[in-house]
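Right, one structure below, let's go through it.
The values are calculated or read from the model by the stated rules, or taken from the named source; none is laboratory data. Only a predicted model underlies this, so the values are computations on that prediction, with no experimental measurement involved. So basically every Cβ, Gly included, is an ideal-geometry build from the backbone, and we count neighbours across all protein chains shown.
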Amino acid sequence: MGRESRHYRKWSASRGRSGSRSISRSPDKRSKRGDDRRSRSRDRDRRRERSRSRDKRRSRSRDWKLDHGKIEYEPFRKNFYVEVPELAKMSQEEVNVFRLEMEGITVKGKGCPKPIKSWVQCGISMKILNSLKKHGYEKPTPIQSQAIPAIMSRRDLIGIAKTGSGKTIAFLLPMFRHIMDQRSLEEGEGPIAVIMTPTRELALQITKERKKFSKTLGLRVVCVYGGTGISEQIAELKRGAEIIVCTPGRMIDMLAANSGRVTNLGRVTYVVLDLADRMFDMGFEPQVMRIVDNVHPDQQTVMFSATFPRAMEALAHRILSKPIEVQVGGRSVVCSDVEQQVIVIEEEKKFLKLLELLGHYQELGSVIIFVDKQEHADGLLKDLMRASYPCMSLHGGIDQYDRDSIINDFKNGTCKLLIATSVAARVLGRCDATGHQCNSQRRHHPGSHCVCKNHCRATC
């Protein structure tokens, strides 16, 4: 027992010494663990505070709406059109014949002026006339001949015409006349005209078209769109601009930024909705309505689109006031250069059929495959690459630099096979390559966006 007691005492002493050592280290460990917990707690608090700030900003942007009754707006003029004698002499029968000759123009709405036959008849300045001549605009296209006098006569308008028919010039020329008639912007004032589009590429395209007249007229424009840095756009807006070309979502961000001190819509009297059908298809109706609700209550609004489904009528009449509707062709306008072919096939056999079509069409020229969603574009890209078909995809999820590079590669023939969402395809313009369109997924308006100079085929 004595030996066992000695062993027990030695073991107890050893345990006590190790215990004392552990006790001496434990405050440091507990201190570190406590610091870690406090640090994590602070990080959580910061994240929660940032989240609350984001929610507050979004709430302000959702609820942000002017009380027009408390604002005294300046009067402005919308009617600039004076009918020239040669048009005044035309009988209604002659007008109907001319409209029929101009690709079958149809008009709905009371008091629509007669279509113009030349630029000098629409009441624009000599500076703009000279710019039109300089850039090769010889005479108005069908949509321009009827839409311009209607807009210049202070009417809201719905313009329906195929892609490439000159809709951009149809709303730009009256807009220039509208802006030049008003006083200059003062410091802190927002734009006079807002042009809304569904995509950044279309916004950039309109801005490029507008720059043809910018030096002559001295009008400033800012292009506001998502997918790129916001700080440079904020700086441009603060410097002031008569025209803003924007995507609706980014415009809402700008109006809410810096507690509304970046820009405002108090001077906006001219609103354009370009490619309106796609804008509403993409779910931009709440943002569009929010912007329209906060401009001058007596603003002039024009809406242009390649198609005008019946479902859009109610939305259009909520935004427009007693509009004139001008159609060139029909409501579901399909480019005359597109030959459509519908193939009904089972879902599991669709990809094999697509490969069969590509084997034929790629020998004839470039091919665009339209899909309805970004994930479909990326999925099909992987499938085609595995099948040894080099291709690229183009949609809203790709950053701006890469999108520009893809568009250039397709236009110059470096890329012969492109997968695109329908809205992204709008910015391809008129390519030199022969186009063959194959719809791998459902598309709402097949054939409405012809992007080729030559005859092409759309296979659904």
Worksheet item: Got at least one residue in the range 281-290 being modelled with pLDDT under 85 and either closer than 25 Å to residue 169 by Cα or not assigned by the TED database to the domain that holds residue 154 (or both)?
Response: yes
Worksheet entry | Residues located in the range 157-186, provided they are of a type outside the set (A, V, I, L, M) and more than 21 Å from the chain's Cα centre (by Cα) | 174, 176, 177, 178, 181, 182, 183, 184, 186
Fill in: Pick from the range 291-313, criterion hydroxyl-bearing (Ser, Thr, Tyr) and farther than 18 Å from residue 112 by Cα, ranking: modelled with the highest pLDDT
305
Worksheet entry | Subset of the range 381-404 (residues that are over 18 Å from the mean Cα position of the chain (by Cα), surrounded by 14 or more Cβ atoms within 10 Å (Cβ to Cβ) and not in a helix (DSSP H, G or I)) | 389, 391, 392, 393
Worksheet entry | Test: residue 110 is in contact with a Leu (Cβ under 7 Å, 6 or more places away or on another chain) and of a type in the set (D, E, K, R) | no
Discussion item. Just checking, does the range 234-246 include any residue being part of a helix (DSSP H, G or I), β-branched (Val, Ile, Thr) and under 17 Å from the mean Cα position of the chain (by Cα)?
Written reply: no
Item to complete: Pick out, from the range 74-144, the helices (runs of 4 or more DSSP H) lying fully within it that include 3 or more residues that are under 25 Å from residue 162 (Cα atoms).
Response: 92-101, 126-134
Worksheet item: Among the residues of the range 314-335, is there at least one that is modelled with pLDDT under 90 and polar (S, T, N, Q)?
Response: yes
Fill in: Residues (outside any loop (DSSP other than H, G, I, E, B) and over 29 Å from residue 149 (Cβ atoms)) located in the range 257-306
257, 258, 259, 260, 281, 285, 286, 287, 290
Discussion item. Cβ-Cβ under 6 Å, sequence separation 6+ or interchain: first residue in the range 125-142 and within 12 Å of residue 217 (Cβ to Cβ), partner surrounded by 11 or more Cβ atoms within 10 Å (Cβ to Cβ) and among the hydroxyl-bearing types (Ser, Thr, Tyr). Which pairs?
Written reply: 127/216; 131/216
Practice prompt. Go through (1) touching a residue at least 40 places away in the same chain (Cβ under 8 Å); (2) part of a loop (DSSP other than H, G, I, E, B) one by one and return the number of the condition residue 168 breaks.
Written response: (2)
Practice prompt. Identify, by number, the condition in (1) closer than 25 Å to residue 134 by Cα; (2) basic (Lys, Arg); (3) part of a loop (DSSP other than H, G, I, E, B) that residue 212 doesn't meet.
Written response: (3)
Discussion item. Condition first: surrounded by fewer than 19 Cβ atoms within 10 Å (Cβ to Cβ) and either in contact with a Gly (Cβ under 8 Å, 6 or more places away or on another chain) or part of a helix (DSSP H, G or I) (or both). Now tell me which residues in the range 405-415 satisfy that.
Written reply: 405, 408, 409, 411
Discussion item. I'd like to check something: does the range 169-182 contain any residue that is assigned by the TED database to the domain that holds residue 284 and under 21 Å from residue 101 (Cα atoms)?
Written reply: yes
Response to the item:
Considering the range 337-379, residues that are of a type in the set (Gly, Ala, Ser) and under 32 Å from the mean Cα position of the chain (by Cα), and then whichever is modelled with the lowest pLDDT, we arrive at 365
Worksheet item: Is it true that some residue in the range 368-380 is among the aromatic types (Phe, Trp, Tyr), in contact (Cβ under 8 Å) with a residue 40 or more places away in the chain, assigned by the TED database to the domain that holds residue 191 and surrounded by 19 or more Cβ atoms within 10 Å (Cβ to Cβ)?
Response: no
